């Protein structure tokens, strides 16, 4: 995430002045600015851990053959990839967005009239260092601001799951267990193994009969 919501300095200053209205001590703008910086730093973790935690995010990728992603997200090629079909008119994808990759961190004021839009943008903005992921995100919002029901395990339409790719380092036992369950519950699912290219640092998928 590279867009983060914070309270504005003017808003913080006004509230601080209200709290100390009856005090004989007055604070300079420079002092308030230093205090504001500390407040922002202290509030960032709760913003990430509480406000953002109310939402559920399903991360998808338009790329299946990224060696880095296999290493990062599938236990060094020991996991699997699930292949989902994109249907433009399916409601499951109504809240899907393509991640935008932008340099730097942008802060926005939570009191701003476009706050809701900025929060939504924050879910789809990352630093260009992650651009190789070619990421898409399906966002599940909470039913209300006070609920945390946006996160957690969510169902998806059965028809969307089309295939499965085994990492080339997956254990034989895991591979056989998964194939057995797929044949029992998802007999139409297409299965693939990964093989390494002999001449390049490249992955190929081959269908399993």
Which of the residues spanning region 187-203 are closer than 21 Å to residue 67 by Cβ and out of contact with any helix residue (DSSP H, G or I) (no Cβ under 9 Å at 6 or more places or on another chain)?
192, 195, 196, 197, 198, 199, 200
Note: among 117, 198, just one is more than 15 Å from the chain's Cα centre (by Cα) and closer than 22 Å to residue 98 by Cα, namely 117
Give the residues of region 177-208 that are under 18 Å from residue 82 (Cβ atoms) and without any contact (Cβ under 8 Å) to a residue 24 or more places away in the chain, sorted by residue number.
177, 180, 181, 182, 183, 184, 185, 187, 188, 206, 207
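Read the figures in this text as sums done on the coordinates, not as results from a lab. Computed from a predicted model, the values in this text were never measured in an experiment. We place every Cβ from the backbone using ideal geometry, glycine too, and count neighbours over all the protein chains shown.
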